[in-house]
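Shown next, in structure tokens, is the structure this report addresses.
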Amino acid sequence: MDSKSDVAATTKEVATTRVVDAANKGEAWAQAHGKSIRLVTWLILAGLAVLWFVKHH
């Protein structure tokens with residue numbers, strides 16, 4: 001392997017590690033905030049349903 005492919009391999013490894021780290025942090029955050037995410041989702045859906053209902057009646 002010449003030095004260019006070494007650098008490319010290392011760059012890929014670093015990128016993969018960063019992506020995995022970000023995914024783990026995202027998962028931890030989602031677990032910590034799961035209830036509020038669900039609540040917000042329900043509020044948005046309820047708001048859209050009300051808007052739709054008002055527009056069509």
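Indicate the gyration tensor shape class of the chain (rounded, prolate or oblate), computed on the Cα atoms with a ≥ b ≥ c the square roots of the eigenvalues: a/c under 1.5 is rounded; otherwise a/b larger than b/c is prolate and the rest oblate. If you can, show how the numbers build up before the last one.
On the way: a/c = 11.98, a/b = 2.94, b/c = 4.08.
Oblate, since a/c reaches 1.5 and b/c is not below a/b.
Maximal additional length on extending the residue 42-residue 28 stretch stands at 2.9 nm, based on 0.36 nm per residue less the C-alpha distance.
Heavy atoms only, probe 1.4 Å: what % of the accessible area of the chain goes to carbon and sulfur, would you let me know? Show your work: numbers first, answer last.
On the way: 3740 of 5410 Å².
For the chain, the apolar C and S fraction of the accessible surface comes to 69 percent.
Between the Cα long axis of helix 34-56 and the first principal axis of the chain there is an angle of about 50°, rounded to the nearest 10. Largest mean-square fluctuation among 35, 25, 12, in a Gaussian network model of the chain whose springs join Cα atoms under 10 Å apart, belongs to 12.
Could you report the chain's accessible area per residue, 1.4 Å probe, as an integer in Å²? The answer is 95 Å² per residue. Relative to the dominant Cα principal axis of the chain, helix 3-32 is inclined by about 30°. For the chain, the 222 nm mean residue ellipticity estimated from helices alone, with every DSSP H stretch of n ≥ 4 adding -39500 (n - 2.57) and the total spread over all residues, rounds to -33000 deg cm²/dmol.
May I ask you to compute the full-extension gain from residue 17 to residue 49, defined as 0.36 nm times their residue separation minus their alpha-carbon distance, rounded to one decimal in nm?
On the way: separation 32, 0.36 × 32 = 11.52 nm, distance 4.16 nm.
So the chain would gain 7.4 nm between residue 17 and residue 49.
The values are calculated or read from the model by the stated rules, or taken from the named source; none is laboratory data. This structure is a prediction, so every number in the text was calculated from the model and none was measured. Accessible surface areas use protein heavy atoms only, side chains included; no ligands, DNA or RNA. Shrake-Rupley method; radii C 1.70, N 1.55, O 1.52, S 1.80 Å.
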